[in-house]
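Written out below as structure tokens is the structure these notes cover.
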Amino acid sequence: MNCKELVYLLEDYLEGTMEEHLMRDFSAHIEKCEPCKNFLKTYDTTRILCRKMKPEEIPAEVRTRLKEFVMEKGREYRKDIEKYRERAVCERREQVAALIGAYVSHRLSPNTSALFEAHRDRCPKCGAFLRSINGGEAPSPVPLEVEEHLAEFLETLPLGESPASG
Amino acid sequence: MASERLLDDNVLLEELRVGNPEAVEALFDRFHGKIYGLAMSIVKNESDAEEAVQDVFMTVVRKAHTFKGNSALYSWIYRICVNTCLMRLRGKRRHETVSIEEFMPMFTEDGMHASPIDDWSKEVERKALDKELGRMIRKSTENLSEKYRVVFVLSDVEGLSNEETAKILGLTVPAVKSRLHRARLYMREQLSRYLSEGKSH
Ligand SMILES: [Zn+2]
């Protein structure tokens, strides 16, 4: 093990998840390498300092404002719960349709594409459905079961990236 | 203060689904502090954080009926929060972030440290440094790009496990570990530079 490899493994070492044979190499190296010894100590100190970070506290007036807002929206929601539900159903249908559309026209972002194909190959229901449309236009609406699966798939995508590219 | 039984996640969700205002209140009381703190550490300014928190609660209330319970309630809410904040950032002019590469340790061709490594770990134990270092670390995280910052905040500030963080962000556990490791290497280097500057004057 050299210094570069050792630095790469620091997290495993400090978490105590390092494999035994690596552990032996790790200890042997650090025993005789002053820079790595120092690097380990300062890296560990860094972790400890970082974990002491506290989230920003909410100022009292912001809390009051937010609570009023949220409670008000909550009352609105109660009044129009059916309307909101319908809207949510439509939104979900649209998102799933957009996903399938992007898939058949090869417009999925590379990341989503890999995850989507993995889902397709793992899930018999979605796999069968996608084979049945065979690259052509999807029926609208898609079968409920597939819609539910794909909606759930959308929920697990990495955050901050849109499913379709461009 | 909302009633005791609303402290149970399943009861809370049931009641949110039918639009019970007490449930909305219980949801707010329980999560507003966490959500605000998380939003602040991603969007980095008060007014954006406040708007993000509004959006998060509206989404949670309106989507309560779609929540399947495959994950814990708080992790679903965190996911909505991170997503809301990232969307918000995307709409903005990009905040200047530093390139993390400039802060990664350097090695020679045969994998040895390319520059001397000082041990400043003892120095940090001086009590007086605590507040100052806290500020300095906060400042440094703000300069990290979102990709690293979000992982860093969820694990170190919120204290979530790598598995929980991975689930919230839709990443694999190795991807979380690697981002976290790089964020810590960056922070270690920032601290090194900061502490050696202090020594020189
Ligand atoms: Zn070494």
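The values are calculated or read from the model by the stated rules, or taken from the named source; none is laboratory data. Keep in mind the model is a prediction, meaning the values are calculated, not measured. Glycine gets a Cβ as well: all are built from the backbone with ideal geometry, and neighbour counts include every protein chain shown. Side chains are part of the model used for accessible areas, which takes the heavy atoms of the whole protein and leaves out ligands, DNA and RNA. Shrake-Rupley method; radii C 1.70, N 1.55, O 1.52, S 1.80 Å.
Take the accessible area of B alone and of A alone, subtract that of the pair with a 1.4 Å probe, and the total buried over both chains is about 5600 Å². Compare B:Val53, B:Val18, B:Val176 in a GNM of chain B, Cα atoms joined below 10 Å, and give the one with the largest fluctuation. Of B:Val53, B:Val18, B:Val176, the most mobile in the Gaussian network model is B:Val18.
Heavy-atom accessible area per residue, chain A, 1.4 Å probe: how many Å²? If you can, show how the numbers build up before the last one.
Numbers: 9920 Å² over 166 residues.
With all protein chains present, chain A gives 60 Å² per residue.
Rolling a 1.4 Å probe over the heavy atoms of the protein chains gives chain B an accessible area of 49 Å² per residue. With a simple spin-label model that places each label point 7 Å from the Cα along the Cα-to-Cβ direction, the separation between B:Asp118 and B:Thr97 comes to 2.9 nm. Only Cα pairs under 8 Å and 6+ residues apart enter the sum, and on that basis the relative contact order of chain A stands at 21 percent. Enumerate by residue number the GluC sites (Glu not before Pro) in region B:55-103 meeting two conditions: DSSP loop (anything except H, G, I, E, B), and at most 16 other Cβ atoms within 10 Å of the site's Cβ. Here the sparse-neighbourhood loop sites are B:Glu96.
Compute the signed sum of charges (Lys and Arg +1, Asp and Glu -1) over the other residues within less than 13 Å, Cβ to Cβ, of A:Phe69. Counting the neighbours of A:Phe69, the net charge comes to -3.
In order along region A:99-104, the Karplus-derived 3J(HN,Hα) couplings, from 6.51 cos²θ - 1.76 cosθ + 1.60 at θ = phi - 60°, round to 4, 5, x, 5, 5, 5 Hz, and Gly and Pro are given as x.
Evaluating 6.51 cos²θ - 1.76 cosθ + 1.60 at θ = phi - 60° for every residue in region B:67-72, the Karplus couplings come out as 5, 8, x, 6, 10, 5 Hz, glycine and proline recorded as x. A drop of at least 40 square angstrom in accessible area, chain alone versus all protein chains together, probe 1.4 Å. Which residues of region B:118-160 meet that? Buried on complex formation: B:Asp119, B:Ser121, B:Ile137, B:Arg138, B:Asp156, B:Val157.
The angle between the Cα long axis of helix A:20-32 and the main principal axis of chain A comes to about 50°, on a 0 to 90 degree scale.
Over chain B, Cα pairs under 8 Å with separation of 6+ residues give a relative contact order of 20 percent.
Amide hydrogen proximity for A:Ala164: with H placed 1.01 Å from N in the peptide plane, the residues at 5 or more positions away or on another chain lying under 5 Å are A:Ser109. Using the Cβ-Cβ distance between A:Glu86 and B:Lys139 with R0 set to 51 Å, the FRET efficiency from 1/(1 + (r/R0)^6) comes to roughly 0.65. A helix-only calculation puts chain B at -21000 deg cm²/dmol for mean residue ellipticity at 222 nm, using -39500 (n - 2.57) for each DSSP H run of at least four residues, averaged over all residues.
Taking N as the residue count of chain A, its C-alpha radius of gyration divided by 2.2 N^0.38 Å amounts to 1.67.
Accessible surface of region A:1-78, 1.4 Å probe: 50 percent of it comes from carbon and sulfur atoms.
If I require 15 Å or longer along the helix axis, counting alpha carbons, and a Kyte-Doolittle average no lower than -1.0, what helices from chain B are left? Use full DSSP H segments.
Details: long enough: B:21-43 (29 Å, 0.49); B:46-63 (25 Å, -0.32); B:73-90 (26 Å, 0.53); B:129-143 (21 Å, -1.25); B:173-200 (40 Å, -0.81).
Helices passing the filter in chain B: B:21-43, B:46-63, B:73-90, B:173-200.
Report the per residue volume, in Å³, of the convex hull enclosing the C-alpha atoms of chain B.
Working: hull volume 32.4 nm³, N = 201.
About 161 Å³ per residue, rounded to a whole number.
Using the Karplus relation 6.51 cos²θ - 1.76 cosθ + 1.60 with θ = phi - 60°, the per-residue 3J(HN,Hα) values for region A:121-134 come to 6, 8, 9, x, 5, 5, x, 4, 4, 5, 5, 5, 7, 6 Hz, with x marking Gly and Pro. With all protein chains in place and a 1.4 Å probe, the accessible surface of chain B carries 51 percent carbon and sulfur. Under 10 Å, Cα contacts only: if you run a Gaussian network model on chain A, which one of A:Cys90, A:Cys126, A:Cys33 comes out with the highest mean-square fluctuation? Of A:Cys90, A:Cys126, A:Cys33, the most mobile in the Gaussian network model is A:Cys33.
Of A:Lys37/B:Lys122; A:Lys52/B:Lys139; A:Lys125/B:Lys167; A:Lys4/A:Lys32, which sit over 20 Å apart, Cα to Cα?
Values: A:Lys37/B:Lys122 13 Å; A:Lys52/B:Lys139 14 Å; A:Lys125/B:Lys167 23 Å; A:Lys4/A:Lys32 15 Å.
Beyond 20 Å: A:Lys125/B:Lys167.
Over all other residues within a Cβ to Cβ distance under 15 Å of A:Glu152, the charged ones net out to +4, with Lys and Arg as +1 and Asp and Glu as -1. Within region A:55-153, list the GluC sites (Glu not before Pro) lying in a DSSP loop whose Cβ has at most 10 other Cβ atoms in a 10 Å radius. Sparse-neighbourhood loop GluC sites (Glu not before Pro): A:Glu137.
Using a Gaussian network model of chain B in which every pair of alpha carbons under 10 angstrom is joined by a spring, one finds that among B:Met87, B:Met40, B:Met112 the greatest mean-square fluctuation is at B:Met112. Close amide H contacts of B:Phe107 (hydrogens built in the peptide plane, cut-off under 5 Å, sequence separation of 5 or more or a different chain): B:Ala114.
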